[in-house]
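Read-outs: derived from the displayed coordinates by stated rules, not from any lab. Since this is a predicted model, take the numbers as computed values, not measurements. Here the Cβ positions follow ideal geometry from the backbone for every residue, glycine too, while neighbour counts run over all protein chains shown.
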């Protein structure tokens with residue numbers, strides 16, 4: 001998890017209609033101020049303003065400014081210019097962050113096509129776009145499409161001169177994540193172990209990046225329910241991060257959270273709760289009370305209480321987590337949908353069916369939701385969506 005997630009209390013809209021309106025208003029303002037003379041400097045200004053809006057969590061505003069920059073770029077440089085590829089990539093990332101994957105995909109593809117035409121098949125910017133498109137497919141569960149793109153991006157970086165280890169590490173982690181979700185645990189383990197060994201050799205055994213690799217490998221063991229294998233790796237990562245980054249660094253919260261997941265899997269509920277609560281305290285202090293990582297900790301605590309049948313204690317934590325996610329990414333995002341389903345299942349357990357219906361009305365589709373709260377799959381959903389994190 002990044003430690004610089006912006007905070008924004010505004011409730012995001014569900015569609016891009018607002019962006020269209022804002023874009024129209026922005027273009028009108030440009031026309032009034034500059035007349036017909038909107039040149040490259042204004043393209044850069046619009047793009048940078050879009051970046052600022054994105055970092056502040058105002059995604060619809062960001063899209064409006066990016067779109068304005070793209071129109072200027074197309075006019076000044078043509079639609080196949082490298083600046084267009086950069087802007088398209090930023091627009092796609094914004095749509096992806098909002099959870100609008102359908103809008104993001106063609107933008108990533110167009111950015112990729114432009115960069116392939118300009119740079120050929122081995123330029124670093126091409127690796128970036130491949131990674132971004134792969135990440136989009138991974139988020140959609142399209143693992144057969146994501147894996148080859150990650151692998152191609154990794155191959156590009158391997159052939160480049162210079163220090164690309166940080167980017168390669170991120171790609172290896174992402175590709176391993178795809179293999180894990182495909183059940184290719186041997187392939188994933190091979191990648192993660194090689195990455196850990198490379199980092200230890202280059203950085204030393206106590207570097208924070210080594211802790212990241214330990215965390216990733218431990219998570220593989222945890223997913224295979226090899227809790228005895230996972231625990232010492234998570235503990236080693238915790239020790240490194242605490243020593244090198246400080247006891248209240250967000251990564252320390254990450255390690256504590258993940259140890260909590262191990263203890264929950266072992267049914268050591270008291271130990272799980274202790275770690276979850278420590279992680280929550282650190283995240284609230286270091287990231288602020290409205291950060292999505294705080295929501296993850298709240299969700300994990302709530303799901304633990306749900307599993308123990310202490311529904312009344314779980315309810316306010318699920319509710320607060322859902323509110324944080326809603327304010328962070330909007331109700332159209334898949335993460336909000338998952339949280340809403342969990343909360344609705346819990347409300348039904350508490351006999352509050354009308355409230356559950358109201359929660360479900362806030363998401364677009366009820367196709368896979370259980371109406372009577374008795375289906376075992378639905379009941380388990382509140383406890384099976386624990387949040388594992390990867391640190392900064």
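A full extension of the chain between residue 142 and residue 187 corresponds to an added length of 14.4 nm, given 0.36 nm per residue minus the alpha carbon distance. In the stretch 126-167, which residues have a backbone nitrogen under 12 Å from the label point lying 7 Å from residue 194's Cα in the Cα-to-Cβ direction? The answer is 151, 154-155, 158, whose backbone nitrogens lie closer than 12 Å to the label point. With a/c under 1.5 counting as rounded, go ahead and sort the stretch 270-364 into rounded, prolate or oblate using the C-alpha gyration tensor (a ≥ b ≥ c being the square roots of the eigenvalues; past the cut-off, prolate if a/b is larger than b/c, else oblate). Verdict is oblate for the stretch 270-364. Judged by the mean number of other Cβ atoms found within 10 Å, the most tightly packed of the peptides 97-105, 319-327, 251-259 leads the ranking 251-259, 319-327, 97-105. For the pair residue 44 and residue 224 in one chain, pulling the backbone fully straight at 0.36 nm per residue adds 60.0 nm over the alpha carbon distance. Simple spin-label estimate for residue 75 and residue 121 gives 3.8 nm between the two label positions (7 Å along the Cα-to-Cβ direction from each Cα).
Please label the shape of the stretch 121-226 as rounded, prolate or oblate, based on the square roots a ≥ b ≥ c of the eigenvalues of the alpha-carbon gyration tensor (a/c under 1.5 means rounded; beyond that, a/b larger than b/c means prolate, else oblate). Oblate, since a/c reaches 1.5 and b/c is not below a/b.
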